[in-house]
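Enquirer: Just passing along the structure, written as structure tokens.
Just so it is clear, none of the values below were taken in a lab; they were calculated from the coordinates. Quick caveat, the model's predicted, so the values are computed rather than measured. Because the Cβ atoms are built from the backbone with ideal geometry, glycine has one as well, and the counts that use them run over all protein chains shown.
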Amino acid sequence: MGTCHKCAAALGRGTQKHAQCPKCSLLYHITDCGGRYAACPDLDVPLDACPKCAKACLCAGGQLSCHVGRLRIRRKGAKTARYRAPGLGSAGDFAGAHFPGHAKHGLGA
């Protein structure tokens, strides 16, 4: 069937009720899976409303933690970390970086 947009759990196994948004086709649990709504007490969106269309999810600019939003944040953080590695100013500086001992003490030296 698919996975929940909020928690990424498999849907259709009959353990939790789920819905599909008629507007954007998003699949999601209509329960507070993972306590996401409880973690946002000032959020005024019903559980059966599509979290993306209601702009409640991180991926839509809201405060409700969703799987897609967390993945985007994780990917963005990993990309930023690659370019901020110790000793490197940017990705372009890597090509000209000098690694002491490697150029003069290899097999061809």
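Enquirer: Longer than 20 Å from Cα to Cα, which of Lys6/Lys79; Lys23/Lys52; Lys55/Lys79 are they? Say none if no pair is.
Expert: Over 20 Å Cα-Cα: Lys6/Lys79; Lys55/Lys79.
Enquirer: Count charges around Ser65 for me, please; just the other residues with Cβ under 9 Å from its Cβ, Lys/Arg as +1, Asp/Glu as -1.
Expert: Spelling it out: positives minus negatives among the neighbours equals +3.
Enquirer: Below 12 angstrom from the Cβ of Lys17, what's the summed charge of the other residues (Lys, Arg +1; Asp, Glu -1)?
Expert: Charge balance in the 12 Å sphere: -1.
Enquirer: Could you go through segment 41-55 in sequence order and give the Karplus-derived ³J(HN,Hα) for each residue, using 6.51 cos²θ - 1.76 cosθ + 1.60 with θ = phi - 60°, rounded to whole Hz, and x for Gly and Pro?
Expert: x, 8, 6, 10, 10, x, 4, 8, 7, 5, x, 6, 5, 7, 6
Enquirer: Excluding Leu26 itself, calculate the net charge of residues whose Cβ lies under 12 Å from the Cβ of Leu26, where each Lys or Arg counts +1 and each Asp or Glu counts -1.
Expert: Value of the local net charge: +3.
Enquirer: Can you work out the FRET efficiency for the pair Arg75 and Ala9, with r the C-beta to C-beta distance and R0 = 25 Å, to the nearest 0.05?
Expert: That pair, Arg75 with Ala9, gives E of 0.75.
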